[in-house]
Amino acid sequence: MMLIGENLNVMNKKLSAAMKERRKEPIQQLVVLSQQAGVDYLDLNIGPARKDGPKLMEWLITTVREVSSLPLSLDTTNTEALRTGLEMEGSRALINSIQATAERVEQLFPLVQKYRCRFIALLLGKEGMPRDANERGALAAEMAAWVDQAGLPHEYVYFDPIVLPVAFQQDQVVAVMEFMRMLKEILPDFKSTCGLSNVSNGVPDSLRPLVNQTYLAMLMDCGLDSAIVDALDSELVALARGQRPEVNRTIKESLTGQLDAATLTEEKRRFTKTAEVLSGRSIYSHSWLKV
Ligand code: THG
């Protein structure tokens, strides 16, 4: 499982201020912590970066490179900022992301060709958010055709079916798992990734790690190859590394009806309850653990 640390993120107020004021310390601190946590990539999420995108990207990469040599995932919709990042990082960079529309593909595939880098193919088409697993599959097939037309290697591509919050879009959480299984059948030599923490947006803060961890175990079972994750959740990183096989087993057994709920430990009960919500077997509410 390839892990991309999500923590360098302009949505975080402290970091966005640090980026604006060009203060290195808060950023470098997070880089060091993420690296120590054992992620494989760092996501540099500067968002749309309408003002000074290329300058910000250049400063951010220089700042990161003073303390880490981890490869970077360049997370911006600003094409010029992306180009600057690719010029600095070349083929070890990962483009996050290219939307599955003819326009974005035409704009960005030349950069993929030039720098020979991998990219996340975001399954967001011209009609907006996909509504189920089949629409995600259709967008992936369309993207795969464009990849072949451009003569790009399939292993460059990480499909991202767009994870949505279980608190608001429970059916989409299930659809993403269905898509992951479908992908292995229809496009087996392409890879997958997702923004895992999206799933727990709107969930009480203290319960977000439980939701993220459970969903990761379920997605791993569907064949997920990579994920953008909270690097500072050490239990999550251990799970991704296969170091918590009892958690994977508990979740799997609970979903196949092999567990006797009466004999479960409290920890196992929490994972079981959460897996039932994420699989759509019980309806989400903020107090799902108590019902
Ligand atoms: N797919 C792709 N890229 C993505 C996403 C995706 N990049 C952005 C995002 N989604 C993944 N990254 C994050 C980063 C932070 C959070 C969620 C997803 C998050 N942060 C907490 C919050 O906002 O409450 C904590 C913020 C903090 O203090 O750091 O939830 O889906 N390709």
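Under a Cβ-only charge scheme (Lys and Arg +1, Asp and Glu -1), can you give me the dipole magnitude of segment 12-78 about the Cα centre, in debye to the nearest 20?
Details: 10 positive and 8 negative charges, 76 e Å.
Roughly 360 debye for segment 12-78.
Let me confirm the definition first: pairs of Lys residues in segment 186-291, 8 or more apart or on different chains, C-alpha distance under 20 Å. How many are there? Display every interim value, and only then the final one.
Numbers: K252/K268; K252/K273; K268/K290; K273/K290.
Lysine pairs, 8 or more places apart or on different chains, close enough: 4.
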With charges set only on the Cβ (+1 for Lys and Arg, -1 for Asp and Glu), what does the dipole of the chain come to about its Cα centre, in debye to the nearest 20?
-> 580 debye
Leaving ligands, DNA and RNA out of it, work out the accessible area of L152 with a 1.4 Å probe and give it in Å² to the nearest 10.
-> 10 Å²
Helix-derived mean residue ellipticity, 222 nm - over the chain, DSSP H n ≥ 4, -39500 (n - 2.57), to 500 = -15000 deg cm²/dmol
In vacuum, with every alpha carbon of segment 47-112 counted as one equal point scatterer, what does the Debye formula give for log10 I(q)/I(0) at q = 0.25 Å⁻¹? Two decimals, please.
-> -1.13
Kirkwood-Stokes translational diffusion coefficient of segment 147-193, alpha-carbon pairs, 10 °C, 1.306 mPa s, µm²/s | 134 µm²/s
Using alpha carbon centers only, segment 103-139 is separated from segment 215-234 by a whole-angstrom value of 21 Å
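Can you give the Rg/Rh ratio of segment 11-92, where Rg is from the C-alpha atoms and Rh is the Kirkwood radius? Could you put the intermediate results ahead of the total?
Numbers: Rg = 11.8 Å, Rh = 12.7 Å.
Rounded to two decimals, Rg/Rh equals 0.93.
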Extreme residue, positive dipole direction of the chain, given options T63, I98, C117 (C-beta unit charges) | T63
Percent of beta bridges antiparallel (DSSP, segment 81-229, rounded to nearest 5) = 10 percent
Please report, largest first and rounded to whole Å, the three semi-axes of the ellipsoid equivalent to segment 127-272, where each semi-axis is the square root of five times an eigenvalue of the C-alpha gyration tensor.
-> 29, 16, 15
Helix 170-186 vs. the chain, principal-axis angle (Cα, 0 to 90°, nearest 10) | 70 degrees
Part-to-part distance (alpha-carbon centres) for segment 250-290 and segment 75-96, which is given in Å | 41 Å
Rounded to the nearest 10 Å², the accessible area of R269 using a 1.4 Å probe with every protein chain kept is 70 Å²
Give the angle, between 0 and 90 degrees and rounded to the nearest 10, that separates the Cα long axis of helix 245-255 from the longest principal axis of the Cα atoms of the chain.
-> 60 degrees
For helix 79-89, report the angle its Cα long axis makes with the longest principal axis of the Cα atoms of the chain; keep it between 0 and 90° and round to the nearest 10°.
-> 90 degrees
How big is the accessible area of Y115 in square angstrom, nearest 10, if you roll a 1.4 angstrom probe over the protein chains?
-> 30 Å²
Under 16 Å from the Cα of K114 - lysines, other chains or at least 8 residues apart | none
Extreme residue, positive dipole direction of segment 1-40, given options M2, A37, N12 (C-beta unit charges) | N12
If you wrap the chain's Cα atoms in a convex hull and average its projection over all directions, what's the area in nm²?
-> 14.8 nm²
Cut-off under 5 Å, modelled amide H: who pairs with Q99 long-range = L122
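Of the DSSP beta bridges with both residues in the chain, give the percent that are antiparallel, rounding to the nearest 5.
Within the chain, antiparallel bridges account for around 5 percent of the total.
The values are calculated or read from the model by the stated rules, or taken from the named source; none is laboratory data. In this text, all values refer to a predicted model and were calculated from it rather than measured experimentally. Positions of Cβ are backbone-derived with ideal geometry, glycine not excepted, and every protein chain shown enters the neighbour counts. Surface areas here come from the heavy atoms of the whole protein model, side chains and all, with no ligands, DNA or RNA. Shrake-Rupley method; radii C 1.70, N 1.55, O 1.52, S 1.80 Å.
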